[in-house]
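Following this message is one structure expressed as structure tokens.
The values are calculated or read from the model by the stated rules, or taken from the named source; none is laboratory data. All of these numbers come straight from a predicted model, not from anything done at the bench. No Cβ is skipped: glycine too gets one built from the backbone with ideal geometry, and neighbour counts run over all protein chains shown.
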Amino acid sequence: MRIDDFSSTLIRNADGIYVASESRNVSYPTEGHTECFQVEDHSFWFRHRNECIGAMISRHSFDGTLLDIGGGNGYVSQMLAERGLDVALIEPGYAGALNARKRRGLSQVISSTVEDAGFPQQSIDAMGMFDVIEHIDGDRAFLAKMASLLKPGGRLYLTVPCHKWLWSQADVDACHFRRHTKQSLQVLLDGLFEIDYQSYFFGPLVLPQFLLRAVPFRLGLGRKPVLSTEAEHGAKSGPLVGLLNKLLAREARKIRMGKRLRFGASCLLAARRI
């Protein structure tokens with residue numbers, strides 16, 4: 001994919017990033033990209049999500065270029081590029097786009113919303129939205145717009161946080177509008193996409209998130225979540241970490257085999273534009 005061939009409104013700047021003349025605001029924390037970049041490379045959460053995304057895409061592949069929408073610092077795009085896939089990242093936050101271009105070495109990076117990037121209808125081969133649509137209030141209208149940009153039969157890959165009863169201060173701080181279920185995603189995509197694969201994942205995190213995040217939030221026990229960024233992402237050793245890694249590795253193996261997991265704190269899916 002050559003970005004110049006797809007949009008006449010994007011201009012490449014001195015950082016090697018394509019930018020739009022105007023880009024609307026999005027629901028995402030101001031310091032979110034900086035905080036995520038500090039933990040991504042040593043985080044079990046980001047690593048496991050990448051393993052599951054990669055496993056799903058290897059079984060439900062796409063032809064051409066994948067547009068990583070809201071791709072942040074480029075953690076997922078870098079993994080896909082290292083697997084030999086053609087990826088272009090689009091991220092409204094300039095800090096994230098700059099990290100993706102300069103620190104992760106991605107060559108095709110856009111700092112804009114998709115709506116402001118000027119892509120023609122039916123021009124995109126595949127899209128990834130990895131923990132993105134929970135940040136969008138009008139998610140159905142947004143997905144309808146994205147479907148119009150995809151080529152007929154074009155691929156859509158999603159991950160989202162799940163279950164309203166896991167809602168906590170972490171969701172508020174992350175500027176989420178909602179958490180989904182497999183069923184709510186099916187309703188959301190109905191008439192726009194045909195789902196080929198759908199599964200829960202992060203099953204081992206459901207109980208900790210409920211007890212250490214959701215329950216304290218419901219009880220009004222302080223503004224900050226009990227689990228901190230450092231506690232969630234920084235632990236590297238110990239018996240509990242070893243057990244968690246084994247359970248997550250089992251999840252990833254099942255997804256690589258195409259199995260559908262019935263329980264988890266997040267959901268992932270692969271679909272095709274109708």
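Enumerate the pairs (first residue in the range 73-92 and β-branched (Val, Ile, Thr); second residue anywhere and assigned to a helix (DSSP H, G or I)) with beta-carbon separation below 8 Å, excluding pairs fewer than 6 apart on the same chain, so at least 6 apart or on different chains.
76/49; 76/50; 76/53; 87/77; 87/80; 87/81
Now for a different question. Within the range 95-119, track down each residue that is touching a Leu at 6+ places or on another chain (Cβ under 7 Å) and part of a strand (DSSP E or B).
Hits for the range 95-119 are 109, 110.
Could you please give the count of residues in the range 120-133 that are surrounded by fewer than 21 Cβ atoms within 10 Å (Cβ to Cβ) and either under 11 Å from the mean Cα position of the chain (by Cα) or in a loop (DSSP other than H, G, I, E, B) (or both)? Quick ask: steps written out before the conclusion?
Initially, the range 120-133 is screened for residues surrounded by fewer than 21 Cβ atoms within 10 Å (Cβ to Cβ), giving 120-123, 125, 131.
Keeping just the survivors that are either under 11 Å from the mean Cα position of the chain (by Cα) or in a loop (DSSP other than H, G, I, E, B) (or both) gives 120-123, 131.
Here the count works out to 5.
Residue-by-condition table, conditions (1) more than 17 Å from residue 114 (Cβ to Cβ); (2) of a type outside the set (D, E, K, R); (3) touching a residue at least 24 places away in the same chain (Cβ under 8 Å):
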| site | (1), (2), (3) |
| --- | --- |
| 36 | yes, yes, yes |
| 40 | yes, no, yes |
| 43 | yes, yes, yes |
| 67 | no, yes, yes |
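Does residue 171 qualify as being surrounded by 19 or more Cβ atoms within 10 Å (Cβ to Cβ), farther than 16 Å from residue 65 by Cα and modelled with pLDDT of 95 or more?
yes
Take the range 138-164 and flag every residue that is over 19 Å from residue 90 (Cα atoms) and either modelled with pLDDT under 95 or in contact with a Phe, Trp or Tyr (Cβ under 7 Å, 6 or more places away or on another chain) (or both).
162
Sort through 27, 112, 58 and tell me the only one that's surrounded by fewer than 15 Cβ atoms within 10 Å (Cβ to Cβ) and at pLDDT 90 or above.
Going through 27, 112, 58 in turn, the sole match is 58.
Quick one: which of 140, 155, 103, 179 is in contact with a Pro (Cβ under 6 Å, 6 or more places away or on another chain) and not β-branched (Val, Ile, Thr)?
So the residue among 140, 155, 103, 179 that is in contact with a Pro (Cβ under 6 Å, 6 or more places away or on another chain) and not β-branched (Val, Ile, Thr) is 179.
Next question. Identify all residues within the range 159-181 that are touching a Gly at 6+ places or on another chain (Cβ under 8 Å) and in a strand (DSSP E or B); write none if there are none.
Listed by number, the list holds a single entry, 162.
Continuing with this model, one more query. Taking residue 259, is it at pLDDT below 85, farther than 15 Å from residue 208 by Cβ and either part of a strand (DSSP E or B) or out of contact with any strand residue (DSSP E or B) (no Cβ under 6 Å at 6 or more places or on another chain) (or both)?
no
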